[in-house]
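What follows is a single structure, written as C-alpha cells, with notes after it.
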Amino acid sequence: MGGSHWSAVTGGAAAAGKPEPPGVDGSLPRVDLERGPKTARAVAQAISRGLVRSAHDPSEGGLLVAVAEMAMAGRVGCSIELANVPARAAAVSAEALAFAEDPSRYLLEVEPSKLDALRTALADLPFAVIGTTVADPALSVELGGANGRVSWKLDEVREAWSRGAELP
C-alpha cells in the first residue's frame, strides 16, 4: 500500500507513526522485471486476438477504482468478489485487495464465451475471474468475511469520482 492513493488519502498508518492494520503492507510494490513484460505481452496478444472487450490498469487508485472507471465508461453495473482477487500473501485486507497499486496488473472485461480462450492465452500467469457485469447500474463489492457487501449506484460513484470525495 506504500505510495498508493489510498495511503495518501487516509494518511497511511505508517505516515501517522502507527502500525499498519492487519493485512495492509505499507511497503512500496516491487516490479517483477520478468513477469511484468510477460504479462504485458500476453494481455496485448489477447487484445489483438479479440479476446478482451475492454481493459484497464489498476495503477492509479487500485483495482476498485479501475472497476468503477470501467463501469462508468461502459455505463454498466458490476458485481465484484474481493476474495477472488489473486494475492501473494494468504491474509490480505479488503483495503489492500481493493486499493493496492501493484505494477503489471490488468483488469480485463471478457465475454463469457471467450473466457476459456483467454485462460489458454494467459497460460501460467496468475489471474482470476473477480466479478461480472450486471443490468443494475451499480457497483457492488463483496468485501469478504464478516465485512459483507457494499453497493453504490453508478451515479453516486460518478459524482464522488468527479469531486474527489468519499462515497456515502
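In the set (1) open to solvent by 70 Å² or more (accessible area, probe 1.4 Å); (2) part of a helix (DSSP H, G or I); (3) modelled with pLDDT of 95 or more, residue 117 fails one condition alone, (1). Counting the residues of segment 72-90 that are assigned to a helix (DSSP H, G or I) and closer than 14 Å to residue 130 by Cα gives 3. Picking from residues in segment 127-155 that are of a type in the set (A, V, I, L, M) and either closer than 14 Å to residue 76 by Cα or touching a Lys or Arg at 6+ places or on another chain (Cβ under 6 Å) (or both), the one that is most open to solvent (accessible area, probe 1.4 Å) is 135. All conditions but one from (1) under 25 Å from residue 46 (Cβ atoms); (2) in contact with a helix residue (DSSP H, G or I) (Cβ under 7 Å, 6 or more places away or on another chain); (3) among the polar types (S, T, N, Q) apply to residue 147; the one that does not is (1).
Taking the conditions (1) touching a His at 6+ places or on another chain (Cβ under 9 Å); (2) over 28 Å from residue 42 (Cα atoms); (3) acidic (Asp, Glu) in turn, residue 109 satisfies each one other than (2). Among the residues of segment 38-61, those that are surrounded by fewer than 20 Cβ atoms within 10 Å (Cβ to Cβ), assigned to a helix (DSSP H, G or I), touching a residue at least 24 places away in the same chain (Cβ under 8 Å) and not hydroxyl-bearing (Ser, Thr, Tyr) comprise 38, 40, 42, 45. Pairing residues of segment 70-95 that are of a type in the set (S, T, N, Q) and modelled with pLDDT of 80 or more with residues that are open to solvent by less than 50 Å² (accessible area, probe 1.4 Å) and not in a strand (DSSP E or B), at Cβ distances under 8 Å and at least 6 apart in sequence or on separate chains, gives 84/128; 84/130. In this entry, residue 133 is excluded by the filter for residues that are hydroxyl-bearing (Ser, Thr, Tyr) and either in a loop (DSSP other than H, G, I, E, B) or over 16 Å from the mean Cα position of the chain (by Cα) (or both). Residue 64 falls short of the stated requirement of being among the hydrophobic types (A, V, I, L, M, F, W, C), surrounded by fewer than 18 Cβ atoms within 10 Å (Cβ to Cβ) and in a helix (DSSP H, G or I).
When residue 72 is tested against (1) under 25 Å from residue 158 (Cα atoms); (2) within 16 Å of the chain's Cα centre (by Cα); (3) surrounded by fewer than 14 Cβ atoms within 10 Å (Cβ to Cβ), only condition (3) is not met. Filtering segment 30-81 to residues that are out of contact with any Leu (no Cβ under 8 Å at 6 or more places or on another chain), closer than 16 Å to residue 100 by Cβ and among the small types (Gly, Ala, Ser) leaves 36, 59, 61, 62.
On the given criteria, is residue 31 at negative phi and open to solvent by less than 50 Å² (accessible area, probe 1.4 Å)? So residue 31 fails the test.
The values are calculated or read from the model by the stated rules, or taken from the named source; none is laboratory data. Model, not experiment: these values are computed from the prediction. Glycine also receives a Cβ, built like all others from the backbone with ideal geometry; neighbour counts cover every protein chain displayed. Quick note on the areas: whole protein, heavy atoms, side chains included, nothing else; ligands and nucleic acids left out. Shrake-Rupley method; radii C 1.70, N 1.55, O 1.52, S 1.80 Å.
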